[in-house]
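Worksheet: the structure to be examined is printed underneath.
The values are calculated or read from the model by the stated rules, or taken from the named source; none is laboratory data. Owing to the predicted nature of the structure, the values given are computational and were not obtained by experimental measurement. Please note: Cβ atoms are built from the backbone with ideal geometry, for glycine as well, and neighbour counts cover all protein chains shown. For accessibility, only protein heavy atoms count, side chains too; no ligands or nucleic acids. Shrake-Rupley method; radii C 1.70, N 1.55, O 1.52, S 1.80 Å.
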Amino acid sequence: MHTKLLIAVLIGLLALSGGAAWRVWSALDDAEMTAHGYVALAAGSTLSLLIGGGLMALVFFSARRGYDDVDDPSRDDR
């Protein structure tokens, strides 16, 4: 029951944020972006994706190598 309620609330929030974004986008139909604006948008998006992907790769690498494990001398897993 709680899972269905959570999913319903999240879908509702997604719909509200999508509606707000659509309203703002529609209100800005007279605004024009120059070539410099498109270059900045593309560079910012690409860098954000690269940094996010790199950080996720570091998280997975760290977890696989055991760097995140707690050092407990009383525990012997060998």
Per residue, accessible area of the chain with a 1.4 Å probe, heavy atoms of protein chains only, in Å², comes to 99
Apply 1/(1 + (r/R0)^6) to the Cβ-Cβ distance of residue 47 and residue 15, taking R0 = 35 Å, and write down the FRET efficiency to the nearest 0.05. 0.70
Quick one: angle between helix 35-65 and the longest Cα principal axis of the chain, in degrees between 0 and 90, rounded to 10, please. 10
Enumerate by residue number the chymotrypsin sites (Phe, Trp or Tyr not before Pro) in the range 21-75 meeting two conditions: DSSP loop (anything except H, G, I, E, B), and at most 11 other Cβ atoms within 10 Å of the site's Cβ. 67
Extension length gain for residue 25 and residue 7 (0.36 nm per residue less Cα distance), in nm, is 3.8 nm
With a 10 Å cut-off between alpha carbons and a GNM built on the chain, which of 43, 21, 35 moves the most? 21
Ratio of the chain's C-alpha Rg to 2.2 N^0.38 Å, to two decimals? 1.93
Measure off, as a whole percent, the carbon and sulfur share of the 1.4 Å-probe accessible area of the chain, all protein chains present. 68
